[in-house]
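Below is one structure, written out as structure tokens, with a few remarks after it.
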Amino acid sequence: MSLPKGSDFNPPWPLRSGHIQTMLSSSGIRRKLLPRRAHRVQEDAQEVLVDVGHGDRLSGRYTAQRTGRESRGLAILFHGWEGSVDSTYVLQTGSRLLEEGWDIFRLNFRDHGDSHGLNEALFHSCRIDEVVVALGEIASMFPARVIGVAGFSLGGNFALRAGMMAPAKGVPIDYVLAVCPIIDPSEGLFSLESEAPWFYQAYFMQKWRRSLRMKQQAFPQQTYFELDELRQNMRDLTRSLVLRHTDFGSLEAYLEGYSVAGDRLMDLHLPATILTSRDDPVIPVAAFDQLRLPPHVELDIAPYGGHCGFIRDYGMTSFTDDYIAARFDAIAR
């Protein structure tokens, strides 16, 4: 069976612009233009709280397939930074896989979506252990003959790291797919500050500051940040929160803590796919070109697509739906 490749994605002008792809990927315009079927995964979704130990919980949504046939397996979806289980790209991918006969679990990372009040400690990108525990709990709650994990942006980074850790932890993951994952966090942070247009950093900072304020409101007895810290740029605010709330001694050590750059993914022993684009304005493609990967990890760099866009037409549908569905179909077979 021939699987779709990134090189197959050839959108019409002006959708060949990486900036337009990126801006449309999470826009309200796209959400309004998407067909109703792209929201089907929300229908009859079951809210689930997943115990990850130490009194902490992560929230998610489970939707069982309704094709009338045996389930093809369980698809677990990870959103990006400051996204949620209801991000447009998660809903669209989840709805497509649901139609294909997969049960769907959409997981919120700590302090994402509506989960700020669940746990007192603050989210940070090195909290991979609790995500792996969550995967094990989800697999126990919703047993399936095949389990695939797909993540977007920071969620793709989490998916790759979880894939490396899962076998040793006895977590039954069969396949991992990462769309535009963060590879080298230090390089990505520098790129957002110095190379990407100003509005990308402004967009992420607005969402992050709003999220931090929600966290502070949920736990008023805690001091998560000082007001002057909240006014800092992305690098300095990250440094302030790392030094205040983690055991990392420096910003650099923290960023290194969730890097999958260079040869780190040689420790990934599961079949996996990494899809990204050369025109991604958020995550530099150079980090992908420098990866060393084992033979069972597929690296697919498309010429177009922006950051988690891959929008194929003016109906705002995404090439990644076909791409992910085809690869999940292959592991189900």
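Condition check: closer than 25 Å to residue 257 by Cα and either out of contact with any helix residue (DSSP H, G or I) (no Cβ under 9 Å at 6 or more places or on another chain) or surrounded by 14 or more Cβ atoms within 10 Å (Cβ to Cβ) (or both). Does residue 214 satisfy that? So residue 214 fails the test.
Considering region 72-82, the residues that are open to solvent by 10 Å² or more (accessible area, probe 1.4 Å) and of a type outside the set (Asp, Glu) include one that is farthest from residue 140 (Cα to Cα), namely 81. A search for C-beta distances below 7 Å between a residue of region 306-333 that is assigned to a helix (DSSP H, G or I) and any residue that is of a type in the set (Val, Ile, Thr) and crowded, with 24+ Cβ neighbours inside 10 Å, counting only pairs 6+ apart in sequence or on different chains, returns 320/93; 320/179; 321/93; 324/93. A count restricted to region 267-283 and to residues that are out of contact with any strand residue (DSSP E or B) (no Cβ under 9 Å at 6 or more places or on another chain) and surrounded by fewer than 18 Cβ atoms within 10 Å (Cβ to Cβ) stands at 2.
Here's the yes/no breakdown for (1) part of a loop (DSSP other than H, G, I, E, B); (2) closer than 30 Å to residue 298 by Cα; (3) in contact with a His (Cβ under 7 Å, 6 or more places away or on another chain):
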| residue | (1), (2), (3) |
| --- | --- |
| 3 | yes, yes, no |
| 7 | no, yes, no |
| 10 | yes, yes, no |
| 13 | yes, yes, no |
| 16 | yes, yes, no |
| 30 | no, yes, no |
| 39 | no, yes, no |
| 47 | no, no, no |
| 50 | no, no, no |
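State whether the residues of region 250-258 include one that is open to solvent by 50 Å² or more (accessible area, probe 1.4 Å), touching a residue at least 60 places away in the same chain (Cβ under 8 Å) and within 30 Å of residue 12 (Cβ to Cβ). The answer is no; no qualifying residue exists. If the requirement is being touching a residue at least 40 places away in the same chain (Cβ under 8 Å), within 20 Å of residue 178 (Cα to Cα) and not in a loop (DSSP other than H, G, I, E, B), which of these qualifies: 83, 94, 136? Result: 94 is the single residue among 83, 94, 136 that is touching a residue at least 40 places away in the same chain (Cβ under 8 Å), within 20 Å of residue 178 (Cα to Cα) and not in a loop (DSSP other than H, G, I, E, B). Against the list (1) open to solvent by 10 Å² or more (accessible area, probe 1.4 Å); (2) outside any helix (DSSP H, G or I); (3) out of contact with any Lys or Arg (no Cβ under 6 Å at 6 or more places or on another chain), the condition residue 59 fails is (1). Could you say whether any residue in region 284-301 is surrounded by 15 or more Cβ atoms within 10 Å (Cβ to Cβ), under 17 Å from residue 26 (Cβ atoms) and of a type outside the set (Asp, Glu)? Within region 284-301, none of the residues are surrounded by 15 or more Cβ atoms within 10 Å (Cβ to Cβ), under 17 Å from residue 26 (Cβ atoms) and of a type outside the set (Asp, Glu).
Close Cβ contacts (under 8 Å, 6 or more residues apart or on different chains) running from residues in region 225-236 that are of a type in the set (S, T, N, Q) to residues that are open to solvent by 30 Å² or more (accessible area, probe 1.4 Å) and at pLDDT below 95 comprise 233/193; 233/201. Looking only at residues of region 127-172 that are among the polar types (S, T, N, Q) and closer than 22 Å to residue 297 by Cα, we find that the one that is most open to solvent (accessible area, probe 1.4 Å) is 153.
Between residues in region 1-29 that are closer than 16 Å to residue 315 by Cα and residues that are part of a helix (DSSP H, G or I) and open to solvent by less than 90 Å² (accessible area, probe 1.4 Å), which pairs lie under 7 Å by C-beta distance while being six or more apart or on different chains? What qualifies is 9/319; 14/20; 15/21; 24/30; 25/89; 26/88. Close contacts from region 118-131, counting a first residue that is in a helix (DSSP H, G or I) and a second that is buried (at least 20 other Cβ atoms within 10 Å of the Cβ) and small (Gly, Ala, Ser), with Cβ to Cβ under 6 Å and a gap of 6+ residues or different chains, come to 131/162.
The values are calculated or read from the model by the stated rules, or taken from the named source; none is laboratory data. In this text the structure is predicted, and so the values were computed from the model without any measurement. No Cβ is skipped: glycine too gets one built from the backbone with ideal geometry, and neighbour counts run over all protein chains shown. What goes into the accessible areas is simple: the full protein's heavy atoms, side chains included, and nothing from ligands, DNA or RNA. Shrake-Rupley method; radii C 1.70, N 1.55, O 1.52, S 1.80 Å.
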